[in-house]
Amino acid sequence: MNGVLRVPWLIAGNTVRELVRSKLLHNLLLFAVLLIASSMFVAQLTIGQWDRVILDIGLAAIELSGVLVAVLIGVGLVAGEIERRTVYPILARPVTRGAFLLGRFLGLCAMLAVSVVLMMGVLAGVLRLAGYGLSSSAAVAALLILLELALMAAAALLFGSFTRPILASAFSVSLFLIGHLLGDLKAFQQRSQSGLAKALTGVVYRVLPDLGLLNVKSLASNELPIPHGLAPAAAFYGAAYAAALLLVAVSIFSRRDLK
């Protein structure tokens, strides 16, 4: 069992070392930091409630940059390596394709966690300069953003396991956008008079991830408490969906002909 678990962790460590040297990761983090820092100047254009403006922009910057990291780098870790043929030397060793994907996922999630912590540190510093502190609601929002990023990383690995990098990136971004619109889709289903439309929207709502459940940024920016039980339920939902996507990715990648 130790030997089975050792391989994914070794690949995860390798992935982290690769990502530390990634210029794309550095540029995306720099973009997020500059966006968070600029929230201080934007807040000065408003009358009062500077903390709300800073939190709005800061949490949005963390989510946006994190999604770009999860998608663009996640797709490159599988589809990009297949296209460049750099995956063959790794799989030629006694490494299963499932262990390879799991290791890539763990390494990417580790870097996403570090990125979120760093950006939350920058956000806390900007809030401190404005005379405010970081609330517990903002910390919960950041944790749920991290789970959303892990879900998107699993989606990027899934799409990257069977298609080309450009298409995998497009599918992943589409999933992110649709996932934030599922609440509206459910409302449409309830108002629709068509049985076929109700059935189709019901299937879409049940199959695709409802990323709105992981979005409590508005509560955090308005300093409102997170409803009791919402955070654990949303965290379980995000983790379970990410695990399901990863299992599907392993199943597809294990059967793919890489020749």
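The values are calculated or read from the model by the stated rules, or taken from the named source; none is laboratory data. Since we're looking at a predicted model, the values are computed, not measured. Cβ placement follows ideal geometry from the backbone for every residue including glycine, while neighbour counts extend to all protein chains displayed.
Set side by side, the residues Gly121, Gly133, Gly125, Gly80 differ, and just one is surrounded by fewer than 20 Cβ atoms within 10 Å (Cβ to Cβ), closer than 19 Å to Leu175 by Cβ and more than 11 Å from the chain's Cα centre (by Cα), which is Gly80. Scanning segment 1-51 for residues that are in a helix (DSSP H, G or I), among the β-branched types (Val, Ile, Thr), surrounded by fewer than 18 Cβ atoms within 10 Å (Cβ to Cβ) and modelled with pLDDT under 90 yields Val4, Val42.
In this structure, is Ala156 buried (at least 23 other Cβ atoms within 10 Å of the Cβ) and either β-branched (Val, Ile, Thr) or modelled with pLDDT of 95 or more (or both)?
Numbers: buried (at least 23 other Cβ atoms within 10 Å of the Cβ): yes; either β-branched (Val, Ile, Thr) or modelled with pLDDT of 95 or more (or both): yes.
Judged against the criteria, Ala156 is a match.
Exactly one residue out of Val69, Val53 is within 25 Å of Leu151 (Cβ to Cβ) and β-branched (Val, Ile, Thr): that is Val69.
Among residues that are out of contact with any Ser or Thr (no Cβ under 6 Å at 6 or more places or on another chain) and of a type in the set (Gly, Ala, Ser), Gly125 is included. If I go through segment 221-255 residue by residue, how many of them are out of contact with any helix residue (DSSP H, G or I) (no Cβ under 8 Å at 6 or more places or on another chain) and part of a loop (DSSP other than H, G, I, E, B)? Qualifying residue count for the region: 3. Before we move on, is Pro209 over 28 Å from Leu134 (Cα atoms) and not in a helix (DSSP H, G or I)? Judged against the criteria, Pro209 is a match.
Working only within segment 136-171, note down all residues that are among the small types (Gly, Ala, Ser) and over 10 Å from the mean Cα position of the chain (by Cα).
In the first step, residues of segment 136-171 are kept if they are among the small types (Gly, Ala, Ser); the result is 136-139, 141-142, 150, 153-156, 160-161, 168-170.
Scanning segment 136-171 gives Ser136, Ser137, Ala138, Ala139, Ala141, Ala142, Gly160, Ser161, Ala168, Ser169, Ala170.
Taken over segment 154-206, residues that are part of a helix (DSSP H, G or I) and within 30 Å of Ala99 (Cβ to Cβ) amount to 20. Working only within segment 185-240, note down all residues that are surrounded by fewer than 18 Cβ atoms within 10 Å (Cβ to Cβ), under 21 Å from Ala61 (Cα atoms) and charged (D, E, K, R). The answer is Glu223, and nothing else. Restricting the first member to segment 113-137 and to residues that are free of Cβ contacts under 8 Å to residues at least 12 places away in the same chain, and the second to residues that are of a type in the set (A, V, I, L, M, F, W, C), the beta-carbon pairs closer than 7 Å and six or more apart or on different chains are Ala124/Leu134; Gly133/Leu127. In segment 176-188, the residues that are more than 18 Å from Ala234 (Cα to Cα) reach residues that are assigned to a loop (DSSP other than H, G, I, E, B) with C-beta atoms within less than 9 angstrom, at least six apart or across chains, in these pairs: Leu185/Leu208.
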